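Let me begin by presenting the structure, written as structure tokens, before commenting on it.
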Amino acid sequence: MSSVEAKLQQVRTRIATACETSQRPVQSVTLLAVTKTFGPLAVRDALAAGQRAFGENYVQEALDKMAALADLRPRLEWHLIGPLQSNKTRAVAEAFDWVHAVDRLKLAQRLSEQRPAVLPPLQVCLQVNISGEASKSGVAPGEVEALARSIAALPRLQLRGLMAIPEPIDGSEAQRRPHRALRELLEALNSHGLALDTLSMGMTGDLEAAVLEGATLVRVGTAIFGARAPVA
Ligand SMILES: *Cc1c(COP(=O)(O)O)cnc(C)c1O
């Protein structure tokens, strides 16, 4: 068994245990393997161990990796989880299946205009600044509904839900608070007529807290691929 395979198995077990605790079916949580800073071989190892969905933060790094993995393209699902700049929207609209960190209408409009007609709609989450001023990216909770309505109306995007990166904190109760807030925000949007099914929350350090609060997609890097070298 490769070390990636063994660690993937451990992460799947963590997810399954949290699902059991919260009486949720284990299939209700999708594992996104975050491969930023790791090369194409890491993706191949994970795919060989049954992993299909991969998350990347940096557009150029992701495009290089996709090119090196072109032979596997139909079997891979690529998610952009990092911040998106407006000069990169065309490449993103052409190459990714999902974008998690949309936080402005302008970006969403460009993605919708640039999504090739031959591809299915781009799957989109809004990033919410759920921990307040500590994190700089994401929409303020009070502004999410208006933005969600505008984005849901764009033709080449499918708005799926909300994403957050809560500030790192110790203790399971403290970790659950921001995840709970994100879930309650999603529930409020749905009670106002939107139909969102995705809560993208939970990473290596807090995935149990996220699953207990309803995460449907956890983004895990370190626990699968090991520690990343610091980005220069
Ligand atoms: C890097 C990253 C992750 C994965 O973090 P780990 O702690 O390594 O699991 C998840 N989400 C986002 C947005 C990231 O940038």
Can you tell me which residues in the range 75-95 are within 12 Å of the chain's Cα centre (by Cα) and either modelled with pLDDT under 95 or outside any strand (DSSP E or B) (or both)?
Ile81, Gly82, Pro83
Does the range 204-222 contain at least one residue that is in a helix (DSSP H, G or I), more than 20 Å from Glu173 (Cα to Cα) and within 16 Å of the ligand (Cβ to nearest atom)?
yes
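Can you tell me which residues in the range 201-213 are β-branched (Val, Ile, Thr) and buried (at least 23 other Cβ atoms within 10 Å of the Cβ)?
Across the range 201-213, the qualifying residue is only Val211.
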Give all pairs with beta carbons closer than 8 Å in which a residue from the range 175-200 that is on the phi > 0 side of the Ramachandran plot and crowded, with 18+ Cβ neighbours inside 10 Å meets a residue that is of a type outside the set (Asp, Glu) and at pLDDT 95 or above; count only pairs at least 6 apart in sequence or on separate chains.
none
Given (1) under 21 Å from Pro83 (Cβ atoms); (2) assigned to a loop (DSSP other than H, G, I, E, B); (3) within 16 Å of the ligand (Cβ to nearest atom), Ile169 misses just (1)
If you check every pair at least six apart or on different chains, which have Cβ atoms under 6 Å apart with a residue in the range 206-232 that is modelled with pLDDT under 95 first and a residue that is within 12 Å of the ligand (Cβ to nearest atom) second?
Arg228/Thr37
Leading residue by the ranking (surrounded by the fewest Cβ atoms within 10 Å (Cβ to Cβ)) among those in the range 96-133 that are assigned to a helix (DSSP H, G or I) and at pLDDT below 95:
Glu133
Out of all the residues in the range 173-198, which are over 19 Å from Val99 (Cα atoms) and within 16 Å of the ligand (Cβ to nearest atom)?
Gln175, Pro178, His179
Do you know which residues across the range 1-17 are in a helix (DSSP H, G or I), more than 26 Å from Val99 (Cβ to Cβ) and of a type in the set (A, V, I, L, M, F, W, C)?
Ala6, Ala16
With the requirement that a residue be not aliphatic (A, V, I, L, M) and not in a loop (DSSP other than H, G, I, E, B), what does the range 134-161 give you?
Pro141, Gly142, Glu143, Glu145, Arg149, Ser150, Gln158, Arg160, Gly161
Return the residues of the range 24-74 that are part of a helix (DSSP H, G or I), away from the ligand (no atom under 16 Å from the Cβ) and either closer than 22 Å to Val211 by Cα or charged (D, E, K, R) (or both); say none if nothing qualifies.
Val26, Gln27, Ser28, Arg44, Asp45, Asp64, Asp71, Arg73
Boolean, Ala18 is open to solvent by less than 10 Å² (accessible area, probe 1.4 Å) and either at positive phi or in contact (Cβ under 8 Å) with a residue 60 or more places away in the chain (or both):
yes
Of all residues in the range 36-63, which are surrounded by 16 or more Cβ atoms within 10 Å (Cβ to Cβ) and at positive phi?
Thr37
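The values are calculated or read from the model by the stated rules, or taken from the named source; none is laboratory data. For clarity, every value in this text was computed on a predicted model and none was experimentally measured. So basically every Cβ, Gly included, is an ideal-geometry build from the backbone, and we count neighbours across all protein chains shown. Surface areas here come from the heavy atoms of the whole protein model, side chains and all, with no ligands, DNA or RNA. Shrake-Rupley method; radii C 1.70, N 1.55, O 1.52, S 1.80 Å.
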